[in-house]
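The values are calculated or read from the model by the stated rules, or taken from the named source; none is laboratory data. Fair warning: this is a prediction, and the values are worked out from it, not measured in the lab. Please note: Cβ atoms are built from the backbone with ideal geometry, for glycine as well, and neighbour counts cover all protein chains shown.
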Amino acid sequence: MRLGSVAGVIGSLSPNRLLGIPLAALRDPLGRFNLATFFLSLTIYSPILVLYYTGRGLSLFQVLSLEAFMGLATILLEVPTGVVADRIGLKRSVTLGFFFQAVWVGLLVLAREYWQFLAGYAVLGMAISFRSGASEAWIYETLKARGEEHRMSQAHGAFWAASLAGRTTSAVLAALVVREMSEPSFVLALELSAAAMLLGTVLVLTVPNRQTEAELARQRGSLRLVRDGIRLI
């Protein structure tokens, strides 16, 4: 019944539009990237996450400590993930960020002990670090390749609108999926969210990498200078 309700919402959409986005716009890499961002933001589990944690035996202190640990992990991983991003490029960095966020949600389904939840939040910190600034940079590089840098404000607004639309839709889907306060309902919300994030990851794989090999080489050269400076210190 719950899945039928979700399918009904999706089926009611116009055949010429996907989640409010004209299908023609999806031929544009920016349109696909925004749709991927929408799927990444489908956090259907958000309203029930604390209940899920306490149902798995975590205390409120442990639940709150997960967020603190995630913040610490994000800070500690910012430099290492930045090093990797400089080597692999913006597109791959964003793709890893999307993928690791889906992995995090999957780990929440499997976790039973506090340390397992901590490990999951370390993965979330890695996901955030990989995406940090990379999404906006990719949008800028895409516009730059078209000679449309002046549209950055508009494109950035569309990016954040897609994220907000995903979060808003999540609240509606959560009401349809979580009809009762039970672990099976909570797990279903997590699984649907992970599936949406994986779909977003696949969409990101379809967009071009706007950085040239020369640009990547310059980044790697700058990275070597930073490493040499750290060694001297």
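Only residues that are under 14 Å from Leu124 (Cβ atoms) and not hydrophobic (A, V, I, L, M, F, W, C): list them for the range 66-80, please.
Once the filter is applied, which keeps residues that are under 14 Å from Leu124 (Cβ atoms) and not hydrophobic (A, V, I, L, M, F, W, C), the range 66-80 yields Glu67, Gly71, Thr74, Glu78.
Quick one: which residue in Thr43, Thr37 is closer than 22 Å to Ser185 by Cβ, at pLDDT 90 or above and either among the aromatic types (Phe, Trp, Tyr) or buried (at least 19 other Cβ atoms within 10 Å of the Cβ) (or both)?
Unique residue meeting the criteria: Thr43.
Within the range 115-139, work out how many residues are within 16 Å of Thr37 (Cα to Cα) and over 18 Å from the mean Cα position of the chain (by Cα).
Result for the range 115-139: 0.
Only one of (1) part of a helix (DSSP H, G or I); (2) touching a helix residue (DSSP H, G or I) at 6+ places or on another chain (Cβ under 9 Å); (3) among the aliphatic types (A, V, I, L, M) is not met by Ala145, so which one is it?
(2)
Conditions (1) in a helix (DSSP H, G or I); (2) of a type in the set (A, V, I, L, M, F, W, C), marked per residue:
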site	(1), (2)
Tyr53	yes, no
Leu58	no, yes
Gln62	yes, no
Met70	yes, yes
Ala73	yes, yes
Leu77	yes, yes
Val84	yes, yes
Lys91	yes, no
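Would a scan of the range 41-48 turn up a residue that is touching a Ser or Thr at 6+ places or on another chain (Cβ under 9 Å), without any contact (Cβ under 8 Å) to a residue 12 or more places away in the chain and assigned to a helix (DSSP H, G or I)?
No: zero hits.
When the residues of the range 102-158 are filtered to those that are surrounded by fewer than 16 Cβ atoms within 10 Å (Cβ to Cβ) and in contact with a Phe, Trp or Tyr (Cβ under 8 Å, 6 or more places away or on another chain), which remaining residue is farthest from Leu72 (Cα to Cα)?
Here the answer is Glu149.
Can you report the number of residues in the range 110-142 which are at pLDDT 90 or above and out of contact with any helix residue (DSSP H, G or I) (no Cβ under 8 Å at 6 or more places or on another chain)?
3
Does Val109 qualify as being touching a residue at least 40 places away in the same chain (Cβ under 8 Å), hydrophobic (A, V, I, L, M, F, W, C), in a helix (DSSP H, G or I) and under 18 Å from Val50 (Cβ atoms)?
For Val109, the condition - touching a residue at least 40 places away in the same chain (Cβ under 8 Å), hydrophobic (A, V, I, L, M, F, W, C), in a helix (DSSP H, G or I) and under 18 Å from Val50 (Cβ atoms) - is met.
Could you list all residues from the range 178-194 that are surrounded by fewer than 22 Cβ atoms within 10 Å (Cβ to Cβ) and either without any contact (Cβ under 8 Å) to a residue 40 or more places away in the chain or over 25 Å from Phe33 (Cβ atoms) (or both)?
The answer is Val178, Arg179, Glu180, Met181, Ser182, Glu183, Pro184, Ser185, Val187, Leu188.
Of all the residues that make up the range 144-160, how many are more than 15 Å from Arg32 (Cβ to Cβ) and touching a residue at least 60 places away in the same chain (Cβ under 8 Å)?
Looking only at that region, the number is 2.
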